[in-house]
Each structure stands twice: as C-alpha cells, then as structure tokens.
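Asks: Dumping the structure here so I can ask a few things about it.
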Amino acid sequence: MVGAQRARVRRGVVLAGSGRGVDPGVVSALARVRVDDGPAFRAWFECYDRAQRHASGSAESWLIEEWRARAADDTAPIHSRLFRLGPAGAPVGVAAVELNDLDDVRLARAELYVDPERRRRGWGTALLAGLLEEVRALGRDTLMVRVLVEPSGEAKRAALAFAGARGLTHTSTSPSRVWDLAPESLARLEDRYRLRATGYAVTTVVGPTPEALVAERARLAGLIAGAVPDAGAGVREERWDPFRVRDLERHVADLGREIVVALAHEEGTGARLVGFSEVTVSLTRPTTAYQWGTFVEPDHRGRGVAAWMKVAAARALLATSPATTRIVTQNDARNVAVIAMNESLGQRVSAETLVFIGHP
Ligand SMILES: CC(C)(COP(=O)(O)OP(=O)(O)OC[C@H]1O[C@@H](n2cnc3c(N)ncnc32)[C@H](O)[C@@H]1OP(=O)(O)O)[C@@H](O)C(=O)NCCC(=O)NCCS
C-alpha cells in the first residue's frame, strides 16, 4: 500500500488526488526546519500546536522551548528532526521525527499534522510519503506514527481512515488518564498503601537521583521496555547505566522541567531498589504534570508498592510545585494491571494515543 502511494508522488508533485481534489500547490518535498531559524521554527511550532490541540481536544501540548531542546542537537543520541510542507512562514503540514540511537536504530518515531483548514487535499499523503523517504534515507526500516486524539472525536476517525488508506497499520492504543490531585485524599491514600506494602519503604527525590542510588535506578529503568506491551515495532531491550540517568536529568533541565522520583526498597536493604516512579512538570506551565516511567520488579508486585510510589511522588510534586493540579498518565490499553491501579487512584480517561506502523 505504501509503495502504491509512493508511486503517486513524482518529481515533487502529488499526481493523483482524491474525489475531493488536490491543492494545485501540493509538493511532496519535505523541508527541514532548524530551531535556530527563528521565524520558520516559530511558524512550524504554531502549525504543530494548533493541529495537535485540534486533534487532542486538549489545551496543552509540548511548549516551543521544549521542542527547541528536543530538536537542537543532531548529535545527541536521542533527538528530533522537524519538517514542513509548504511555505516556511505558513506551513500547510508539519512533522517531527524522533531518532533514538541508543535503543533502536531501525526505528523512527514520528508525528505528522496537516493544518486543520487544509485537509483532504493530498497534503497528508505528501507528508507521509516525504517522511517515508527521510526514514529510508536514514537507513531505518520502520516508521512509527503517533497521534493524541479525543477518544470518540473526528480526529480519531480521520487518523484511522487516513492510515488505512495509506498503508499504515494500527498497532496499539494508549489511553491517557488525568489524576486530579487533592492533598487531603493523597495523604489518606499514602497511609493506606503504606499499611498495605508492609516491609517496604518509599523515599522521594526532587531533581537528580543521589549518587548512591543512581546505578540501581539505571538497572530498573533498563527493565521497563521488556515489561510493557509492544507498540508494534518489536521489543528492544534498553541499555541504561548511570551516565544515561544523568543525561536524562540534564535533558529534563534543558526542557525547563522538574523531575520528582519515588524510589522503593525493602526495609533493611536500602541500597537495592525494587521500584521507581517518576513524574515531571514544566516550570513555566506547571498546572499539568506528566507521569513518566513506573516500574516494580516482578517479585515485588501486587503489594501496593507502585501505588504507594505514585502517591508519594504526587505529594512530593505538590510540595515542590504547588501550582500543579493534575498528573496525566499514559498506558497501553493492554496493560490491564497498571490501568486497574491508576483507576483505583481516581484517574479518568481524557484522551488516547493511536500508534501506527509503516515500512518504507
Ligand atoms: C490524518 C491527516 C494527516 C490526513 O491529512 P489530509 O491532508 O487530510 O490527508 P489526504 O488529503 O492526503 O487524504 C488521503 C486519504 O486519507 C483518507 N482520509 C483522510 N482524512 C479522512 C477523513 N477525515 N475521513 C475519511 N477518510 C480520510 C482518505 O482515503 C483520503 O483520500 P481521499 O481524499 O481520496 O478520500 C490529518 O487529518 C491530520 O493532520 N490529522 C491529525 C494528525 C494525525 O492524525 N496524524 C496521524 C495520522 S496516521
């Protein structure tokens, strides 16, 4: 299907259209957008931000400064590249490709958006064809496209129809849940889980992990990828060491975010961790924080350790960022154990991420 689609794009012009017609100016060549090209980068961001909010129904997405940090350094082992279709000052379509050389050099993760005013005129087709060319030129064989949508909104229908028509396979869905934070109920929840998780202790850290625990934190971080459902690109073991934890902490600071981590150990064995849970928040827009990784070693599951860590991290977050009112979490719909725990904490579905896979 993707090959058939590519055949329609020749000499930079989309030749075949739809019943609804093709914009005469549609060209397939993607242009790279550099973050140090001020006006072009701002125009890229404005198109991305408008389209992302339109699809997700959410007032929030990545901030422009966060995109700057993600896309500034091409030599970083995990970095993003930004692309546009159409004029630099007013793109019609935008895309971001994330390349992760540490974990999977076959894979490129992408987002792609067409300006909501310009849909069904071939731009999405041209954007996808251009992205597949880029991915092939980078020597990668798998493109993963993700989009955050309202669970029963028009954007979900459009993404599924577009992907189906253009040869992408829908491989997974990850609902986002919102957790409205109420300090009194968090205190009660923490008491409840502390009692249930007898024999364990949870500590919280704001900012960098103490040197004595960083190797353990790295060991656990490396186990997450193999413990969650595969999003369709095949499970790849992630290699973590203390330097990678420090790189992550520096990246969080570059993003303008704070990180709060809860760490769990068995009482009496403080040097060996059994789990961690991390949450980050933007210092410039602190209302909504985001849950990042949570992991408990298999032998220690089912005892309330993960829920206790999440509650402890939320309380430490509120202490350091009083303006924060909610945490957003995202889990693969097949990850039933984690979802049951999140619902028991009072979290409710707000949006969902659709994941698609294509091969150039
Ligand atoms: C999905 C998206 C990129 C499509 O962009 P677009 O420019 O409208 O796509 P095209 O005009 O190239 O459409 C190509 C084909 O996709 C299908 N399609 C696209 N949008 C559709 C919709 N709303 N309903 C039904 N089919 C649709 C049709 O088969 C269409 O061909 P046709 O017009 O000949 O019937 C755009 O809606 C968008 O930006 N959505 C939000 C971001 C997103 O979902 N990204 C991930 C996509 S996998």
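The values are calculated or read from the model by the stated rules, or taken from the named source; none is laboratory data. Here the structure is a predicted model, which means the values were calculated and not measured. In this analysis, Cβ positions are derived from the backbone assuming ideal geometry, glycine residues included, and neighbour counts consider all displayed protein chains.
Asks: If I filter the range 158-173 for residues that are touching a Gly at 6+ places or on another chain (Cβ under 8 Å) and more than 11 Å from the ligand (Cβ to nearest atom), do I get at least one hit?
Replies: yes
Asks: Scan the range 189-199 and tell me whether some residue there is among the aromatic types (Phe, Trp, Tyr) and either in a strand (DSSP E or B) or surrounded by 13 or more Cβ atoms within 10 Å (Cβ to Cβ) (or both). Break it down stepwise before answering.
Replies: Here is the first cut: in the range 189-199, the residues among the aromatic types (Phe, Trp, Tyr) are 193.
Narrowing further to those that are either in a strand (DSSP E or B) or surrounded by 13 or more Cβ atoms within 10 Å (Cβ to Cβ) (or both): 193.
The answer is yes, given that some residue of the range 189-199 is among the aromatic types (Phe, Trp, Tyr) and either in a strand (DSSP E or B) or surrounded by 13 or more Cβ atoms within 10 Å (Cβ to Cβ) (or both).
Asks: Continuing with the same structure: Which condition breaks for residue 59 when tested against (1) of a type in the set (A, V, I, L, M); (2) within 13 Å of the ligand (Cβ to nearest atom); (3) more than 22 Å from residue 224 (Cβ to Cβ)?
Replies: For residue 59, the exception is condition (2).
Asks: Oh, and also: In the range 88-106, which residue that is modelled with pLDDT of 95 or more, over 18 Å from residue 146 (Cα atoms) and not hydrophobic (A, V, I, L, M, F, W, C) is farthest from the ligand (Cβ to nearest atom)?
Replies: Per the criteria, the residue is 89.
Asks: Name the pairs: first residue in the range 107-120 and within 6 Å of the ligand (Cβ to nearest atom), second residue among the hydrophobic types (A, V, I, L, M, F, W, C), Cβ to Cβ under 6 Å, at least 6 apart or on different chains?
Replies: 112/95; 112/127; 113/51; 113/94; 114/123
Asks: Look at residue 217 and say whether it is surrounded by 20 or more Cβ atoms within 10 Å (Cβ to Cβ), touching a residue at least 12 places away in the same chain (Cβ under 8 Å), away from the ligand (no atom under 16 Å from the Cβ) and within 20 Å of the chain's Cα centre (by Cα). Write out each step before concluding.
Replies: Working: surrounded by 20 or more Cβ atoms within 10 Å (Cβ to Cβ): yes; touching a residue at least 12 places away in the same chain (Cβ under 8 Å): yes; away from the ligand (no atom under 16 Å from the Cβ): yes; within 20 Å of the chain's Cα centre (by Cα): no.
No: the conditions fail for residue 217.
Asks: Taking the condition of a type in the set (A, V, I, L, M) and within 7 Å of the ligand (Cβ to nearest atom), does residue 147 pass? Outline the logic, then answer.
Replies: On the way: of a type in the set (A, V, I, L, M): yes; within 7 Å of the ligand (Cβ to nearest atom): yes.
When the stated conditions are applied, residue 147 passes them.
Asks: Looking at (1) away from the ligand (no atom under 16 Å from the Cβ); (2) touching a residue at least 12 places away in the same chain (Cβ under 8 Å), can you tell me which one residue 176 breaks?
Replies: (1)
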